[in-house]
Structure formats: C-alpha cells, structure tokens
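Asker: Got a structure for you, written out below as structure tokens; questions coming shortly.
The values are calculated or read from the model by the stated rules, or taken from the named source; none is laboratory data. Because the structure is predicted, anything quoted here is derived from the model rather than measured. Please note: Cβ atoms are built from the backbone with ideal geometry, for glycine as well, and neighbour counts cover all protein chains shown.
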Amino acid sequence: MSAGPRPSPARPSATVGAVGYRAVIFDLGGVVLGSPLQAIAAYELEQGIPEGFVNRLVVDSGREGAWSRLERGELGLEAFYEAFEAECEGAGQKVSGSDLMARIAEVAAPRPAMLDAISSIRARGLAAAALTNNWSRDGTQESTLRERFDVFLESSVLGLRKPDPRIYEHACRVLDVTPEQAIFLDDIGRNLKPARALGMTTIKVEAPAEALAALSGLIGFEL
C-alpha cells in the first residue's frame, strides 16, 4: 500500500506535560476543503429528494455499497454512476451520480485558515497528515495538497476507508505515533468514533474557526 513519505520519528512534541501530541491528522472534504455534505444537501433540495437520503443510503448500503467500493478504489467513476444510481432508484429516488459528483467537486476549495494551521503545526515540530476517503479521478484537488502534509493517506489507494479501524491504525504506523499521541479532525461523527476508541483525541469539525480553537487548546499554541 502506498502511504506517502514518512516523517522523522525524532519530531519533538509540541506540548509539555502528560499528553505530548506528536501528530495532527486531518480529513480533507469538510475540514481542509469545503464540505461535500453541503453539496449533497443542496443537490437534494434542488431535486426534491428527501433531506439526508444520500448519506443514509451510503451508510445503509454498507461495505458492498457503490459509494464504499468507489472510495476503496474498487470502482471507477463510470461504474460507480451506474451502480449508485441503481441503488438510489431501488431506494425510491432518482439521482444522477455524475451531477452529484460535479457538485461535490465544485465546493472542494481549500480553506485558507486550515492551510495556515497545517503550516504552523509543521513549523512547531508536529507531523501533519491527511486521511481522506476519496476516489480516483484526473485533476483532483487532493493532488495539489500533498506537499502541505508529511503523510497523505487516500482510501482509494489503501483499499481501506473510514470508519474502518484499520485505516486509523495504519495512519499511526506510518506516522510512527501511538493513537494517544495523535489528534484527528473530521466532520462526520461516525468517522471519529473508531479513532476515539483507539485512543486518539478527536475534534468534530462543524465551524472551522471553532475546530481550530479547540485544536489550539490541545497543542498549546495559537493557530
């Protein structure tokens, strides 16, 4: 599995005391980038689809659902569109997979405050990692973000996706930290739960400024 460059295990801790965090792990969409959840909600509203339909379908379809298979790199986009649209139709709604993904791509702009925070974190000696559920496509926003991180982990490359506990364990191995030495930020609660169960400190990102304030309090310097 490709995990990207490995940071030096000699990085100093940025905190003094019992915790000693050594790494901050960021989800991309909804944390570092604009939220795909907002794009999905807007699409549902415009198309007269019940609120939350797409997210419920993704969860209910489980590991073998089209969305999960796409994010594990088992389906290309064209195959995904066909499978996902069939799942939606089976659940009673007509959804255009290509239109929905185009909407998600439109909102995937970087959040400057998050990029600045990542730079500050690395400058103070902590490792910064990206841990994203994504899919293979040309010209992705993710490709321009790689240099911002010490480690860049993609579900479509690893064949694992959040919330599978193994992807968090893998992230810690690559970063050479224990879960207790890592902070993880995500905008989806079900992705935070297994990370927290492993021992990571977690932050749910709803308002980016509030999330960064919480992160600052944990690592001991302003972001």
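Asker: Taking the options 97, 92, name whichever one is crowded, with 18+ Cβ neighbours inside 10 Å, of a type outside the set (A, V, I, L, M, F, W, C) and farther than 16 Å from residue 26 by Cα.
Answerer: 97
Asker: Which of the numbered conditions does residue 124 fail, given that it passes all the others? Conditions: (1) surrounded by 17 or more Cβ atoms within 10 Å (Cβ to Cβ); (2) touching a residue at least 60 places away in the same chain (Cβ under 8 Å).
Answerer: (1)
Asker: I need a count of the residues in the range 95-110 that are among the aliphatic types (A, V, I, L, M), more than 11 Å from residue 57 (Cβ to Cβ) and not in a helix (DSSP H, G or I).
Answerer: Of the range 95-110, the ones among the aliphatic types (A, V, I, L, M) are 95, 100-102, 104-105, 107-109.
Add one more test, that the residue is more than 11 Å from residue 57 (Cβ to Cβ), and what stays is 100-102, 104-105, 107-109.
Now drop any that are not not in a helix (DSSP H, G or I), which leaves 107-109.
Going through the range 95-110 one residue at a time, the tally reaches 3.
Asker: What do you reckon, is residue 92 in a loop (DSSP other than H, G, I, E, B) and more than 21 Å from residue 66 (Cβ to Cβ)?
Answerer: When the stated conditions are applied, residue 92 does not pass them.
Asker: Failed condition for residue 152, given (1) within 15 Å of the chain's Cα centre (by Cα); (2) modelled with pLDDT of 95 or more; (3) among the hydrophobic types (A, V, I, L, M, F, W, C); (4) part of a helix (DSSP H, G or I), with all others met?
Answerer: Unmet condition: (4).
Asker: Could you tell me whether residue 215 is more than 20 Å from residue 36 (Cβ to Cβ) and in a helix (DSSP H, G or I)? Quick ask: steps written out before the conclusion?
Answerer: Details: more than 20 Å from residue 36 (Cβ to Cβ): yes; in a helix (DSSP H, G or I): yes.
Answer is yes for this residue.
Asker: Go through (1) under 22 Å from the mean Cα position of the chain (by Cα); (2) surrounded by 14 or more Cβ atoms within 10 Å (Cβ to Cβ); (3) farther than 30 Å from residue 213 by Cα one by one and return the number of the condition residue 55 breaks.
Answerer: (3)
Asker: Please determine whether any residue of the range 87-103 is charged (D, E, K, R), in contact (Cβ under 8 Å) with a residue 60 or more places away in the chain and closer than 24 Å to residue 175 by Cα.
Answerer: no
Asker: Right, another one. Just one of (1) outside any strand (DSSP E or B); (2) in contact with a strand residue (DSSP E or B) (Cβ under 7 Å, 6 or more places away or on another chain); (3) not hydroxyl-bearing (Ser, Thr, Tyr) trips up residue 58, so point out which.
Answerer: Here residue 58 meets the rest and fails (2).
Asker: Among the listed residues 203, 183, identify the single one that is free of Cβ contacts under 8 Å to residues at least 24 places away in the same chain and either assigned to a strand (DSSP E or B) or in contact with a Cys (Cβ under 7 Å, 6 or more places away or on another chain) (or both).
Answerer: Result: 203 is the single residue among 203, 183 that is free of Cβ contacts under 8 Å to residues at least 24 places away in the same chain and either assigned to a strand (DSSP E or B) or in contact with a Cys (Cβ under 7 Å, 6 or more places away or on another chain) (or both).
Asker: Further, regarding this structure: Only one residue in 173, 146 is in a helix (DSSP H, G or I) and without any contact (Cβ under 8 Å) to a residue 12 or more places away in the chain, so which one is that?
Answerer: Every option except 173 fails the conditions.
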